[in-house]
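A short write-up of the structure that comes next.
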Amino acid sequence: MAKKEYSFYPGCSSERKASASNYMVSVDAMCKKLDIKLNEIPDWNCCSASIGYAEGGELPRHVMNARNIALSEQHSPGQDIVATCAACWLGAKETADRLDASEQLLADTKEVLKEAGLDIHLKNETPIRHMVEVLIEDIGYEGIKEPMVKSLEGIKFAGYVGCQTNRPFGVDGESFENPVYLDKMVETVGGEAITDYEKKVTCCGGALAFSEPKKSQKQIKDIIEAAYDQGADMIVTPCPVCQMNVEVYQDQINKHYGTKFHIPVTYYSQLLTVAYGGSAKEAGLDGNIVRAKQLEEIAAK
Amino acid sequence: MSDVNTAMVQKYRNDFLKEVEENVEEGHWVKMCMQCGVCSGSCPFGPDWDHPPQEIFMMIRAGKRDEVLTTESMWMCTSCYNCIVRCPRELPITHIMHGLANYAHRLGIAPKMNPTRRFSKIFWNNIAKTGRVNELALSLKLYFMDGFMSGIKNALAMAGVGIGMLKTKRLNPFALINHKGVKNPKELHVLLKKAREIEDRRKGIAR
């Protein structure tokens, strides 16, 4: 039997040939080493993200998330729901909170779900959590260290926490303005963390990287520039939107601002997988557009 | 949709605050704003708002209905939640901004050409269709929203990003044909339709 077991909400970007497919690959490998079993919510749907608000409104948005929670309650009763994507975590948790706070909203949601033969109970039976919470709170830093066979010594990381893995819910009771869990995680596996990376919680623009590219790329430029200024070899993040935005627009930013950015943007799960002896492929490093060569080298050793 | 707008104007007369309280997500919090301005100073796109959140709250209370509902301001929200965690009174500002934008959009008086309004609509329609994001269709729809020629231009500008995503297997080039969503999208459509009906009824925006 696995050490820990959770109901798992992977989310759209984690799917095969989707924008964070390499995140999922590394999460799989990481969880295997930590003996964590993830029971995927059957037939889950999109959380509607934050950007769905204009057309989605309130109830339809909550119904999307409530359907997932209901399916989880049915399929993996009593298990915490764990999400790897910041938006999925936020969307699902927000809905659970809102339904918990409003009898009207809960009744309306139940009425809608009945059309699909589903029901939602809530009653806090299924806390909704982010994978980093599982690592920090359930496994603990000591536990994170346990499967480690290689050190990430010699690599300097700018820990970019971003927005939605941090606000509004927070992780492990840490400060919203200066969370340190990502730095601690980096140090746990032997890497050097830039603990005073000043852009660690600066917004990358989120979905507005699509609709307001110039404004968002200004944000992204500041995030990358600060990492370089601090001597970072690479950036590490817990969020698929942060990862994509900070990685894929570097060429466009270089063109616009005359910069020469070329910095890898990795996931915490890729770091842990490599530290646990996983191959570059198992760590999803072949999914990084800007290759994290130092991690690849350690993985190859 | 302008009929709905006229009906709302007639219903609430000069009491825009009441209209917001009754129809906008988390709108009942608006009166609690103490005008400290921390939200405005915390917003990553702050300088791009014609009226930052603090001003929006005061304008609502001053009855500036048209100015509030037709501004592009709320559409600058990146959902970073800085304002929420910093507000001394713990107003759910992000949600109120989303709520105002949604309300303006539903009344048909939100700025037509605002790119985030249009993207938000494209996004929702994308996920509502199959239950899961079709990233290829989402990007193409966005690039081509102003027609074929500008679409080609946008797509070419984004070609570098697309090729990078394809090479690293983070984009499905055949997603227009083989994208997989939930098992029974029709059932999901029924749920969403019903949810919308109930919401419209509760908010008096029956169509």
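The values are calculated or read from the model by the stated rules, or taken from the named source; none is laboratory data. Note that the structure is a prediction, hence the values are computed from the model and not measured. Glycine gets a Cβ as well: all are built from the backbone with ideal geometry, and neighbour counts include every protein chain shown.
Considered as a group, the residues in the range A:100-133 that are within 13 Å of chain B (Cβ to nearest Cβ) and of a type in the set (Lys, Arg) include one that is nearest to B:GLU199 (Cα to Cα), and that residue is A:LYS110. Scanning the range A:196-248 for residues that are within 30 Å of B:ASP146 (Cβ to Cβ), over 19 Å from the mean Cα position of the chain (by Cα) and not hydrophobic (A, V, I, L, M, F, W, C) yields A:SER211, A:GLU212, A:PRO213, A:LYS214, A:LYS215, A:SER216, A:GLN217, A:LYS218, A:GLN219, A:LYS221, A:ASP222.
Close Cβ contacts (under 6 Å, 6 or more residues apart or on different chains) running from residues in the range A:151-167 that are surrounded by fewer than 24 Cβ atoms within 10 Å (Cβ to Cβ) to residues that are aliphatic (A, V, I, L, M) comprise A:LEU152/A:VAL189; A:LEU152/A:ALA275; A:LYS156/A:ALA232.
Checked against the criterion of being within 20 Å of B:GLU199 (Cβ to Cβ) and assigned to a helix (DSSP H, G or I), the range B:48-71 contains one or more residues that satisfy it. Close Cβ contacts (under 9 Å, 6 or more residues apart or on different chains) running from residues in the range A:215-227 that are at the interface with chain B (Cβ under 10 Å from one of its Cβ atoms) and free of Cβ contacts under 8 Å to residues at least 24 places away in the same chain to residues that are among the acidic types (Asp, Glu) and part of a helix (DSSP H, G or I) comprise A:LYS215/B:ASP48.
Being charged (D, E, K, R) and modelled with pLDDT of 95 or more is a property that holds for B:LYS121. When you look at B:ILE109, is it touching a residue at least 12 places away in the same chain (Cβ under 8 Å), part of a loop (DSSP other than H, G, I, E, B), on the phi < 0 side of the Ramachandran plot and under 20 Å from the mean Cα position of the chain (by Cα), yes or no? For B:ILE109, the condition - touching a residue at least 12 places away in the same chain (Cβ under 8 Å), part of a loop (DSSP other than H, G, I, E, B), on the phi < 0 side of the Ramachandran plot and under 20 Å from the mean Cα position of the chain (by Cα) - is met. Looking only at the range B:118-137, how many residues end up being buried (at least 19 other Cβ atoms within 10 Å of the Cβ), under 20 Å from A:GLU58 (Cβ atoms) and facing another protein chain (nearest Cβ under 7 Å)? Within the range B:118-137, residues that are buried (at least 19 other Cβ atoms within 10 Å of the Cβ), under 20 Å from A:GLU58 (Cβ atoms) and facing another protein chain (nearest Cβ under 7 Å) number 6.
How many residues are out of contact with any Asp or Glu (no Cβ under 6 Å at 6 or more places or on another chain) and surrounded by fewer than 23 Cβ atoms within 10 Å (Cβ to Cβ) when one looks only at the range A:220-233? Number satisfying all stated conditions: 8.
Taking the criterion of being exposed (fewer than 12 other Cβ atoms within 10 Å of the Cβ) and in a helix (DSSP H, G or I), the residues of the range B:154-207 that qualify are B:LEU156, B:ALA159, B:LEU176, B:ILE177, B:ASN178, B:LYS186, B:ARG201. Pairs linking a residue in the range A:272-294 that is of a type in the set (Phe, Trp, Tyr) to a residue that is part of a helix (DSSP H, G or I), with Cβ atoms under 6 Å and 6 or more positions apart or on different chains, are A:TYR276/A:LYS33.
Yes/no matrix, rows are residues, columns are (1) more than 20 Å from A:ILE139 (Cβ to Cβ); (2) at the interface with chain B (Cβ under 7 Å from one of its Cβ atoms):
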residue	(1), (2)
A:TYR6	no, no
A:PRO10	no, no
A:SER21	yes, yes
A:LEU34	no, no
A:LEU38	no, no
A:TRP44	yes, no
A:CYS47	yes, no
A:GLU58	yes, yes
A:MET64	yes, no
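Within the range A:246-265, the set of residues being out of contact with any helix residue (DSSP H, G or I) (no Cβ under 7 Å at 6 or more places or on another chain) and closer than 18 Å to A:LEU182 by Cβ comprises A:GLU247, A:PRO264. Whether a residue is outside the structural domain of A:ASP80 (by TED's automatic domain parsing), touching a Ser or Thr at 6+ places or on another chain (Cβ under 7 Å) and not aromatic (Phe, Trp, Tyr) was assessed, and A:GLY162 passes this test.
A single entry from A:SER50, A:SER76, A:SER21 fulfils the requirement of being of a type outside the set (A, V, I, L, M, F, W, C), touching a Gly at 6+ places or on another chain (Cβ under 8 Å) and surrounded by fewer than 24 Cβ atoms within 10 Å (Cβ to Cβ): A:SER21. Residues of the range B:41-52 that are in contact (Cβ under 8 Å) with a residue 40 or more places away in the chain and either surrounded by fewer than 21 Cβ atoms within 10 Å (Cβ to Cβ) or touching a Ser or Thr at 6+ places or on another chain (Cβ under 6 Å) (or both): B:SER42 alone.
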